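The structure appears right after this line, and notes come after that.
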Amino acid sequence: MRRLVAQIVEELRAADIRISPAEAIDAIRAVAAAGFERDRMREALAAALIKDEADRPAFDRIFTAWLRRTITTEARDPGSHTGVIGAGKKSSADGGGRPDKPPESASEAAAPQSTPPTEDESESASKSKTQESDETDNSRDDADDSGDQSDQSSYDIGAGSGESSGIDAIEKARLKAIERLPFTNYSELEFETARIALAPLIRRFRVRAGRRLRAARRGRVDFRRTIRAAIQRGGAMVDLKMRARRPRRVDLLILADVSGSVRYAATLMLELSAGVRKMFRRTSSFVFIDKLAEADFEDGHLVMTPPLDLYARSDFGRVLAELRDRHAQLLGPATIVIILGDGRNNRRPARADILGEIARRCRAVCWLNPEPIDRWGRGDSAIENYVRHADLLIAATNLRELEDAMLTIGRPRRGGGSAVNPAPNPVGRFA
Amino acid sequence: MDITAQAVGEGLRRANYIANQRIETAIFLALAIDKPLLIEGPAGAGKTEVAKVIAAMLDTELIRLQCYEGLDEARALYEWNYQKQLLRLQAGEHEGLAWDQVSSHLFSRDYLLERPLLRAISSPRTVVLLIDEIDKADEEFEAFLLELLSDFQVSIPELGTVRALHHPAVVLTSNRARELSEALRRRCLHLFIDFPTPDQERRIIELKVPELDEHLAAAAARYVAGLRKMRLRKPPSIAETLDWARALVRLGVRELDNAAVRSTLGLLLKHDEDRVAVEGKAGNIPGSSR
């Protein structure tokens with residue numbers, strides 16, 4: 001059982017879920033306590049290993065695959081254990097239906113096996129997969145590693161997890177690379193990869209953003225705590241206690257251009273911001289091309305109400321007017337407006353004055369531009385007109401920059417309050 | 001009580017708590033392998049209730065520490081009773097006692113104010129310690145909790161180390177007002193409690209408000225589930241559903257129609273903008289159209 005748990009832990013780690021050795025030990029104790037009934041075992045492993053609900057879908061997927069592989073590996077094993085094979089075949093046929101006690105029997109079966117035959121087994125298993133040779137080599141190495149870590153005799157099952165972690169390594173490198181790929185170079189395929197890369201990014205983003213709310217070392221004195229602390233020493237010495245920095249309640253209003261030129265960036269930003277919705281009092285998301293629509297995520301897909309004409313051409317001026325006139329209640333002194341767009345207005349009236357009006361009414365207006373800086377202000381770009389009224393203009397040309405830009409926006413101002421810092425020299429601001 | 005999965009399931013039913021496999025397993029594990037249980041989920045989904053139910057199940061005391069910004073050790077762990085110490089000093093002066101004689105008493109248990117955490121540790125039997133809304137406390141406090149949760153011991157400089165005779169069953173809840181540290185998560189089992197399914201909620205209503213008509217309970221559960229699907233500023237909690245169900249009983253509502261819903265919406269929705277949004281759509285929500 002220990003080995004089996006070690007295996008799933010490894011697979012979860014390969015999927016970028018952080019699990020400490022202590023948690024792995026907890027998982028073993030948890031399974032030992034909860035038993036091997038499938039649902040209960042799954043919940044036990046989840047309680048011990050998964051500490052963020054966002055990881056739960058990935059866990060469920062890996063758990064199912066792990067269970068099925070454990071059973072089929074068992075079924076492939078020639079020799080004794082006929083009863084187990086029967087059970088394994090049956091449950092793998094109905095897609096892992098209700099295998100009540102497979103893992104226990106699997107561990108029992110795996111324990112007495114000696115190394116040489118299982119290595120053969122692993123080789124044949126690897127060959128039977130339609131893999132490219134270098135990948136297979138790679139996976140064999142990984143399998144060795146995993147074997148060393150847990151136990152010497154685990155090759156038979158180690159091969160399975162090794163393969164997947166080999167692929168995962170390539171996958172991980174690809175996901176890392178995509179963070180820096182400019183949005184302008186995206187194809188549909190890269191966009192899909194970026195969406196996958198976004199999941200761990202959102203998690204990291206939440207932690208990084210949350211950290212900014214920690215208690216202050218300076219600021220307002222907490223009188224009550226200071227006096228209470230001093231009383232313990234008879235008031236002889238005063239150790240100033242500070243009031244914690246209270247995150248000011250901030251509303252977020254996101255306005256994203258989804259026209260052809262920037263739609264990948266817009267979708268990713270909306271998804272990223274959906275992950276931190278809880279950190280703001282209220283988040284409203286809008287998308288636009290030539291008209292305004294409310295944006296929502298359902299099952300990871302962007303839903304627009306009303307639907308937009310995707311072949312229209314961007315009209316920032318009209319959209320800003322629409323926002324001001326129809327959603328005035330959302331534009332209050334606590335609102336931060338984030339606009340994502342390249343400001344390419346197709347030579348229509350820019351109406352920057354409306355942006356100015358919105359900026360006066362709101363806490364801040366931040367403009368994220370997914371275009372490379374050297375193209376700002378060229379051609380039909382009206383970004384110079386708008387930037388005069390924005391508190392912040394940040395380049396967000398790839399995923400990494402997008403995340404940093406969102407963090408800049410959430411950065412607390414000195415002396416308290418999570419709000420936009422109206423920096424004297426916002427990044428890339430025009431002179 | 002013997003800690004077995006069956007016993008926990010049975011105990012939950014006895015305590016009138018409708019749970020799914022997930023909650024049941026997590027509670028069982030927390031007790032069986034003696035680990036703190038960190039519960040997350042939306043406000044009003046029954047997180048705090050879990051601790052109360054565990055206490056009821058174990059037939060023991062529930063010690064609750066409500067976290068808030070600025071909570072420090074003095075109010076969570078212990079504090080010396082300064083006034084009492086002063087009085088003791090003054091009394092000592094009158095009696096003409098030497099400093100040695102006085103000071104040996106001054107820092108004894110008699111002058112210690114036990115706060116929830118110390119109370120939970122020094123309790124002569126297993127208690128349930130509920131650390132509610134840990135996300136509201138500061139990060140320093142969280143770091144301090146780590147030590148306590150891993151060793152269940154506290155060192156008081158003047159008194160020595162206090163070790164727990166019986167580890168309390170620890171339940172932490174969080175609303176995710178801020179992200180908790182990885183270190184704390186690592187030390188806890190994790191449970192996410194979402195709002196119940198309409199069917200579970202119906203059973204909850206039937207259990208807690210048995211006076212309500214059966215089909216009305218089902219309709220109410222469906223309606224509330226529909227509300228939660230809408231993007232509201234504050235979705236209705238289970239407690240509010242129950243309040244609403246009680247109101248429906250008192251008002252003698254027979255059918256859950258638009259008029260009945262409209263007049264009682266204030267029990268479910270506590271923000272005016274939510275009310276406006278719902279009233280605009282009321283006809284479209286399952287359960288209200290009947």
Acute angle (nearest 10 degrees) that the helix B:21-32 long axis makes with the longest principal axis of chain B, alpha-carbon atoms: 10
Sites matching chymotrypsin sites (Phe, Trp or Tyr not before Pro) across the range A:299-393 that sit in DSSP coil, with at most 13 neighbouring C-beta atoms within 10 Å: A:Tyr311
Percentage, to the nearest whole number, of Cα pairs in the range A:273-395 over 19 Å apart: 48
Diffusion constant of the range B:198-284 at 4 °C, which comes from Stokes-Einstein with the Kirkwood Cα-pair radius and 1.567 mPa s, µm²/s: 102
Given chain B, longest segment not containing exposed loop GluC sites (Glu not before Pro) (DSSP; at most 12 other Cβ within 10 Å): B:1-157
Average beta carbon contacts from partner chains per residue of B:188-200, 10 Å cutoff: 3
Hydrodynamic radius of the range B:1-84 per Kirkwood, over alpha carbon pairs, in Å: 14.7
Trypsin sites (Lys or Arg not before Pro) within the range B:69-170, DSSP loop, no more than 14 other Cβ atoms inside 10 Å: B:Arg125
Range of Cα positions in the range B:87-208 per principal axis (Å), largest first: 73, 36, 26
Calculated from backbone phi, Karplus (6.51, -1.76, 1.60) coupling profile of the range A:380-396 in Hz, x at Gly/Pro: 8, 6, 9, 5, 5, 5, 6, 5, 4, 9, 8, 7, 8, 10, 10, 7, 9
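Values in this text are rule-based calculations from the coordinates and carry no lab data. The structure displayed is predicted, hence computed values, not measured ones. In this analysis, Cβ positions are derived from the backbone assuming ideal geometry, glycine residues included, and neighbour counts consider all displayed protein chains.
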